[in-house]
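Heads up, the thing below is written out as structure tokens.
The values are calculated or read from the model by the stated rules, or taken from the named source; none is laboratory data. What you see is a predicted model, and the numbers here were worked out from it, not measured in a lab. All Cβ positions, even for glycine, are placed from backbone atoms using ideal geometry, and neighbour counts span all protein chains on display.
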């Protein structure tokens with residue numbers, strides 16, 4: 001890794017800079033609190049890098065435009081928040097179906113509807129999973145710090161390119177607006193190789209044999225791109241065999257590269273009695289508790305933080321449930337990802353949700369109190 | 001090989017034929033005019049991109065042998081805007097139906113016009129939602145019947161070209177499936193125009209529009225379209241009463257204004273070599 005320089009950055013800025021480091025040169029979007037800084041940062045930075053920034057007429061158009069740019073060969077990103085994320089769902093589904101790389105940033109705010117635009121929330125976890133219609137696969141990352149935001153955005157861009165799959169960056173208002181130190185590598189080049197560099201002679205846009213790079217439009221490969229179910233060449237098909245194979249292929253792609261997609265981090269006691277499982281800004285409160293309970297008091301406590309929320313890190317949670325008696329799941333919602341934790345715990349650990357949905361953070365004190373039911 | 005056969009072989013995906021369109025549909029005529037216009041405009045095949053929305057006419061993209069992008073309902077122009085901004089050297093043609101363009105895609109349509117980005121929109125106007133079986137669109141004339149307007153629609157219809165002009169489009173033309181040579185010529189001019197060009201192609205839908213409104217079969221409908229079309233040169237000498245129920249055809253307007261993608265790349269040139 002090249003030399004790193006420390007920079008004080010806001011989460012939204014780190015997201016934009018991470019994208020730029022990963023080779024993103026196209027942004028299209030629509031202003032919305034609390035994600036607007038991503039757009040504003042891109043509006044300043046992209047022109048000087050020879051890239052394109054365009055403010056579209058609405059959220060739907062922003063999503064459509066990044067797909068169009070991606071087909072043209074540019075790495076592209078858009079950013080939004082809850083209400084805009086709802087509007088983008090239609091074309092997110094299109095990008096999944098047509099296998100067009102792109103990254104969608106959702107800086108979560110308190111909903112439903114217009115909600116509390118400036119208050120943090122983790123209420124869009126299930127929308128990230130199932131917001132667009134149909135039985136689709138999805139990748140979503142949820143960083144817990146500004147530093148993680150920078151590096152996960154880079155990972156999101158690169159994975160998206162490699163798998164030809166949209167990746168969602170599920171930030172929250174806390175992470176998006178907080179300022180922290182980020183270590184930026186000097187070269188700023190963290191791109192994987194260009195996807196269209198090595199195109200085989202018998203290239204098919206939707207090769208059934210496995211991953212195939214997207215050859216941008218304008219290079220003499222006259223293929224078809226559609227949101228309809230399609231064959232290996234992109235042409236519409238309603239043949240039940242083709243349809244089933246195509247949908248399986250979309251899911252298999254993520255299963256095959258699971259180890260690159262599913263990112264988690266465990267800290268704390270090796271054989272925890274009580275463990276926290278959480279993601280995004282709630283990791284910060286849980287980490288403060290683990291710091292006190294484990295590092296200071298040596299209680300058997302641990303924290304599994306999920307950088308990847310989708311596909312859900314089921315194996316990691318299952319392994320933890322075999323170890324711990326109790327799993328506490330703090331979330332800024334009425335309990336969304338906790339259901340997945342329950343599902344993969346398979347009754348081997350008691351799963352305890354801790355929820356807050358008044359527009360405020362879950363505090364370490366609040367979690368310490370919950371922990372006190374079992375420890376010391 | 002005759003020129004037309006060569007054109008068919010080069011520019012159409014003949015293996016994907018026959019097409020899905022109903023007997024008597026005008027989509028084939030409009031698509032053929034487009035193919036001929038590409039040839040006459042002299043563009044390289046690899047530089048041509050076809051973007052389309054959702055609806056009967058948008059299925060044309062699948063039959064055309066270029067880079068083709070069949071998008072979501074109403075959003076074709078936004079996909080095309082992203083593509084054009086990423087790759088300004090490409091010639092981007094956008095095929096839409098009347099409902100696709102003016103109802104669900106209305107917002108994208110006016111803003112694409114406002115930007116005057118160099119996209120070529122071809123709107124096949126058959127006055128009806130054909131794919132879903134005949135519901136009224138914003139371009140269904142008042143009083144005409146549809147499955148969702150069994151007593152005739154009370155709504156007033158858009159004049160698509162005036163809508164585009166008001167929003168900033170710099171090229172507006174209207175042709176018909178009954179006059180394919182003129183349509184082809186207008187498409188060539190639109191393709192060569194720098195800026196957003198809008199070409200409305202009036203087209204018959206005997207199955208979902210004609211039958212319900214007792215407009216006759218394909219031949220009668222084509223003749224009706226032809227008889228109601230008034231060349232723009234003649235229309236300027238006619239009163240508004242005389243023009244009632246007619247469609248003005250030809251090049252309605254064309255003027256120069258800054259084109260968005262070119263202006264953008266010129267703006268960022270100051271950062272080069274920095």
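Selection of segment B:124-146 for residues being in contact with a helix residue (DSSP H, G or I) (Cβ under 8 Å, 6 or more places away or on another chain) and farther than 26 Å from residue B:198 by Cβ yields only B:133.
For segment B:79-91, state whether one or more residues are more than 19 Å from the chain's Cα centre (by Cα), over 26 Å from residue A:238 (Cα atoms) and more than 10 Å from chain A (Cβ to nearest Cβ).
At the first step, the residues of segment B:79-91 found to be more than 19 Å from the chain's Cα centre (by Cα) are B:82, B:85-89.
Checking which are over 26 Å from residue A:238 (Cα atoms) leaves us with B:82, B:85-89.
Among the residues that remain, those that are also more than 10 Å from chain A (Cβ to nearest Cβ) are: none.
Within segment B:79-91, not a single residue is more than 19 Å from the chain's Cα centre (by Cα), over 26 Å from residue A:238 (Cα atoms) and more than 10 Å from chain A (Cβ to nearest Cβ).
Going through segment B:92-101 one residue at a time, which ones are in contact with a helix residue (DSSP H, G or I) (Cβ under 6 Å, 6 or more places away or on another chain) and either assigned to a helix (DSSP H, G or I) or within 7 Å of chain A (Cβ to nearest Cβ) (or both)? Before you say what the answer is, go through the steps one by one.
Residues of segment B:92-101 that are in contact with a helix residue (DSSP H, G or I) (Cβ under 6 Å, 6 or more places away or on another chain), as a first pass: B:92, B:94-97, B:101.
Scanning segment B:92-101 gives a single hit, B:101.
Checking B:195, B:172 one by one, the residue that is within 23 Å of residue B:111 (Cα to Cα) and over 14 Å from the mean Cα position of the chain (by Cα) is B:195 and no other. Given the condition in contact with a strand residue (DSSP E or B) (Cβ under 8 Å, 6 or more places away or on another chain), more than 13 Å from chain B (Cβ to nearest Cβ) and modelled with pLDDT of 95 or more, answer yes or no: does some residue in segment A:58-79 qualify? Scanning segment A:58-79, I find at least one residue that is in contact with a strand residue (DSSP E or B) (Cβ under 8 Å, 6 or more places away or on another chain), more than 13 Å from chain B (Cβ to nearest Cβ) and modelled with pLDDT of 95 or more, so the answer is yes.
With the structure loaded, tell me whether residue B:73 is surrounded by fewer than 23 Cβ atoms within 10 Å (Cβ to Cβ) and under 26 Å from residue B:20 (Cα atoms) or whether it fails that test. In short, yes.
Here's the yes/no breakdown for (1) buried (at least 18 other Cβ atoms within 10 Å of the Cβ); (2) over 30 Å from residue A:120 (Cα atoms); (3) within 14 Å of chain B (Cβ to nearest Cβ); (4) under 22 Å from the mean Cα position of the chain (by Cα):
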site	(1), (2), (3), (4)
A:220	no, yes, yes, no
A:252	no, yes, no, yes
A:282	yes, no, no, yes
A:301	yes, no, no, no
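If we scan segment B:117-128, do we find a residue that is in contact (Cβ under 8 Å) with a residue 24 or more places away in the chain, within 14 Å of chain A (Cβ to nearest Cβ) and within 17 Å of residue B:161 (Cβ to Cβ)? Looking through segment B:117-128, at least one residue is in contact (Cβ under 8 Å) with a residue 24 or more places away in the chain, within 14 Å of chain A (Cβ to nearest Cβ) and within 17 Å of residue B:161 (Cβ to Cβ).
Tell me, please, whether a residue that is free of Cβ contacts under 8 Å to residues at least 24 places away in the same chain and part of a helix (DSSP H, G or I) can be found in segment B:41-56. If you could, list the steps in order and put the result at the bottom.
Filtering segment B:41-56 down to residues free of Cβ contacts under 8 Å to residues at least 24 places away in the same chain leaves B:42, B:44, B:46.
From the residues that got through so far, the ones that are part of a helix (DSSP H, G or I) too are B:46.
Yes - at least one qualifying residue is present in segment B:41-56.
Just wondering, is there one or more residues in segment B:10-23 that are in contact with a helix residue (DSSP H, G or I) (Cβ under 7 Å, 6 or more places away or on another chain), away from chain A (no Cβ under 13 Å), without any contact (Cβ under 8 Å) to a residue 40 or more places away in the chain and not in a helix (DSSP H, G or I)? Checked against the condition, which is being in contact with a helix residue (DSSP H, G or I) (Cβ under 7 Å, 6 or more places away or on another chain), away from chain A (no Cβ under 13 Å), without any contact (Cβ under 8 Å) to a residue 40 or more places away in the chain and not in a helix (DSSP H, G or I), segment B:10-23 yields at least one hit. Consider segment B:152-181 and keep the residues that are touching a helix residue (DSSP H, G or I) at 6+ places or on another chain (Cβ under 6 Å) and in a loop (DSSP other than H, G, I, E, B). The one that is surrounded by the fewest Cβ atoms within 10 Å (Cβ to Cβ) is B:168. Within this structure, residue A:119 fails the test of being over 13 Å from the mean Cα position of the chain (by Cα), touching a residue at least 24 places away in the same chain (Cβ under 8 Å) and within 14 Å of chain B (Cβ to nearest Cβ). Taking the criterion of being closer than 16 Å to residue A:71 by Cβ and not in a loop (DSSP other than H, G, I, E, B), the residues of segment A:213-244 that qualify are A:224, A:225, A:226, A:230. Among the residues of segment A:37-50, those identified as in contact with a strand residue (DSSP E or B) (Cβ under 8 Å, 6 or more places away or on another chain) and more than 11 Å from chain B (Cβ to nearest Cβ) are A:37, A:38, A:39, A:42, A:43. When segment A:85-103 is filtered for residues that are more than 7 Å from chain B (Cβ to nearest Cβ), surrounded by 24 or more Cβ atoms within 10 Å (Cβ to Cβ) and more than 17 Å from residue A:162 (Cβ to Cβ), the ones remaining, listed by number, are A:85, A:88.
Considering A:290, A:277, A:267, which residue is within 30 Å of residue A:340 (Cβ to Cβ), out of contact with any helix residue (DSSP H, G or I) (no Cβ under 9 Å at 6 or more places or on another chain) and buried (at least 16 other Cβ atoms within 10 Å of the Cβ)?
Details: A:277 fails: out of contact with any helix residue (DSSP H, G or I) (no Cβ under 9 Å at 6 or more places or on another chain); A:267 fails: out of contact with any helix residue (DSSP H, G or I) (no Cβ under 9 Å at 6 or more places or on another chain).
That would be A:290, the only listed residue that is within 30 Å of residue A:340 (Cβ to Cβ), out of contact with any helix residue (DSSP H, G or I) (no Cβ under 9 Å at 6 or more places or on another chain) and buried (at least 16 other Cβ atoms within 10 Å of the Cβ).
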